[in-house]
Amino acid sequence: GIQVEQSPPDLILQEGANSTLRCNFSDSVNNLQWFHQNPWGQLINLFYIPSGTKQNGRLSATTVATERYSLLYISSSQTTDSGVYFCAVQGGSEKLVFGKGTKLTVNP
Amino acid sequence: ETGVTQSPTHLIKTRGQQVTLRCSSQSGHNTVSWYQQALGQGPQFIFQYYREEENGRGNFPPRFSGLQFPNYSSELNVNALELDDSALYLCASSFTGSNGYTFGSGTRLTVV
């Protein structure tokens, strides 16, 4: 099955800093989503981005499907950005396959 | 537009008992999936339901079963609970062909 690797596993930033999270996947996909898991456990959908580039405020994402990776950019980070960021992909099956996540801590 | 809602939010059960978790899909969505997330791990796919039938299953034993109802809401049932079943259980809904999943807040199950 598809393998998903996320890096880095942990990231500590000062408020206002920028960061890049990476997601590598092992096969072609027809769905790729970035999620932010808040402290209460809810997975908040950030982007549905099987290819191309999207931006939403301070967040943007780029997926290069031919090279099997996706990047999530967070600019001017805030303490509320803290949490775990998951990349999840879907190939030819019904299921989303998640990476192990990047735990982001933004300090004031 | 309502999101995905799950109940209960927290639950404590004894080993060997049975549990039922519930999920209401987002309005307009016809597919529901369930995921198990152990502490410190990414969510793992349990199964998916479409048109009230299971149409995909992950590596989980038969004591994990589910239902989807005509209004697209769903239940996850787990029999003969084991300590390792302690986890966050997440429900996600989608509309077939549109891709993109919306997740609920989850049910945190503790088996003692």
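The values are calculated or read from the model by the stated rules, or taken from the named source; none is laboratory data. Note that the structure is predicted; figures quoted are calculated from it, not measured. Positions of Cβ are generated from backbone atoms using ideal geometry, with glycine treated the same way; all protein chains shown enter the neighbour counts. Accessible surface areas use protein heavy atoms only, side chains included; no ligands, DNA or RNA. Shrake-Rupley method; radii C 1.70, N 1.55, O 1.52, S 1.80 Å.
List of remarks:
- Kirkwood-type radius of chain B, with distances r between different C-alpha atoms, in Å: 13.9
- Considering only chain B, percent of DSSP beta bridges that pair antiparallel, nearest 5: 90
- Candidate lysines - alpha carbon under 25 Å from A:K54, same-chain residues fewer than 8 apart omitted: A:K95, A:K100, A:K103
- Stokes-Einstein D for the range A:25-94, Kirkwood Rh over Cα pairs, 20 °C, 1.002 mPa s (µm²/s): 169
- Calculated on C-alpha atoms, the gyration radius of the protein assembly as shown divided by its Kirkwood radius gives an Rg/Rh of 0.97.
- The protein assembly as shown, accessible surface, carbon-and-sulfur percent (1.4 angstrom probe): 48
- Antiparallel bridges, percent of DSSP beta bridges restricted to the protein assembly as shown (to nearest 5): 90
- Averaged over the residues of peptide A:42-48, the number of Cβ atoms from other protein chains lying within 10 Å of each residue's Cβ is 5.
- Chain A: relative contact order in percent, alpha carbon pairs under 8 Å with at least 6 residues between: 38
- Max mean-square fluctuation residue, GNM over chain B, Cα-Cα springs under 10 Å, options B:S25, B:S93, B:S65: B:S65
- Accessible surface comparison of A:D27, A:D81, probe 1.4 Å, protein chains only, largest first: the order is A:D27, A:D81.
- Shape box of the range B:9-73 [Cα atoms, principal axes, largest first, Å]: 35, 23, 20
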